[in-house]
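Notes to accompany the following structure.
Every number in this text was worked out from the coordinates using simple rules, so none of it is lab data. Treat the numbers as computed from the prediction; the structure is a model and nothing was measured. In this analysis, Cβ positions are derived from the backbone assuming ideal geometry, glycine residues included, and neighbour counts consider all displayed protein chains.
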Amino acid sequence: VLPSGETRTPEELDVPLFQRLGGDEQAKAALPQAAGSALSVAWREEGYEISTSHRPKVDTAKLALQLLAPLAVAGYVFWRLPAGFLRGSFSRNGGDPVADVVLAALTALVTVVFLLSLVPGFRTAWRAWRRSVRPPTIRVSAEGVRFGGRTVPLREIEEVEPARDAACRVVSDERLLEIDADFCEPSEREWLHHELRRLVVEVGQRTPVP
C-alpha cells in the first residue's frame with residue numbers, strides 16, 4: 001500500500017512504472033494547469049523538462065539578522081578584547097610568552113566562531129541568488145529522471161508519489177529522488193506529481209530505454 005492509498009498486486013512489484021501504467025489512460029491523461037502556474041513543460045534535446053519560475057520567499061529581516069548580528073558581536077568583542085584585556089595583559093606581563101600564546105588562541109577562537117556564525121546567512125543568500133539566476137529543472141528522458149544532479153534510471157522507477165516534506169518523489173528499489181518542497185507552490189504539487197508520473201510513462205513507452 002502506497003502513501004497515496006494505491007495498492008499493488010505481487011505481480012506488479014519491481015515492474016517499471018512506464019510498463020505497469022502503459023495501459024492506464026487516466027495516468028496518461030494530462031491535467032489542466034491552474035491559471036498563472038509557475039510550472040511549464042517543454043521538449044528539449046530528446047527529453048522533457050519541467051521548469052519553474054516560482055521564487056521562494058526570502059525572509060529579509062531574518063537574513064539581515066543572520067549577517068549583521070555576527071558582525072556586531074565580533075566588532076564588540078574585538079573592540080573590547082584588544083583595547084582592554086589584551087593591552088592590559090601585555091603591559092602587566094611584559095611580553096610574557098605564555099600570555100602571548102593564550103591571547104593568540106583566544107583571537108583565533110573568536111575569529112573561527114565569527115566565521116562560522118556567518119555561514120547560515122551566506123548559505124541563505126547564496127541559495128536565493130542561485131535560484132534567481134539558475135532555476136531548477138526536472139528532466140525526463142530515456143536515461144531517467146534527473147534533478148539536482150541526481151538521476152534515477154527510467155527502468156528502475158517504480159513509482160512517483162506524493163511526499164510530506166517534498167513536492168513529490170521518484171521511487172526505486174535502490175534510490176529515492178525527492179523534488180524540493182519549494183520547487184513550486186503547495187497548491188501545484190498535485191499537478192506536478194501527476195505530470196511527472198505521466199511523462200515517465202510517456203517517455204518509457206515512446207523511446208528505447210537503456
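What FRET efficiency comes out for ARG134 versus ALA181 if R0 is 22 angstrom and r is the Cβ-Cβ distance? Round to the nearest 0.05.
On the way: r = 18 Å, r/R0 = 0.84.
Efficiency, from the Cβ-Cβ distance: 0.75.
Just to verify a number: FRET efficiency for VAL113 and ARG155, C-beta to C-beta distance, R0 = 45 Å, to 0.05? If you can, show how the numbers build up before the last one.
Values: r = 50 Å, r/R0 = 1.11.
Between VAL113 and ARG155 the formula returns 0.35.
From the Cα gyration tensor of segment 123-210, with a ≥ b ≥ c the square roots of its eigenvalues, which class applies: rounded if a/c is under 1.5, or else prolate if a/b is larger than b/c, or else oblate?
Working: a/c = 1.95, a/b = 1.63, b/c = 1.20.
Prolate.
Note down the net charge around LEU39, summing +1 for each Lys or Arg and -1 for each Asp or Glu among other residues with Cβ under 12 Å from its Cβ.
Values: positive: ARG189; negative: GLU49, GLU185, GLU188, GLU190, GLU195.
With Lys, Arg at +1 and Asp, Glu at -1, the net is -4.
With label points built 7 Å along Cα→Cβ from the Cα atoms of LYS62 and VAL15, find their separation and express it in nm.
4.5 nm
So if each residue of separation counts as 0.36 nm, and I subtract the Cα-Cα distance between ALA69 and THR124, what length gain in nm does that give?
On the way: separation 55, 0.36 × 55 = 19.80 nm, distance 1.50 nm.
Length gained between ALA69 and THR124: 18.3 nm.
If each residue of separation counts as 0.36 nm, what is the full-extension length gain between ARG206 and TRP43 once their alpha-carbon separation is subtracted?
On the way: separation 163, 0.36 × 163 = 58.68 nm, distance 1.35 nm.
Extra length from ARG206 to TRP43 when fully extended: 57.3 nm.
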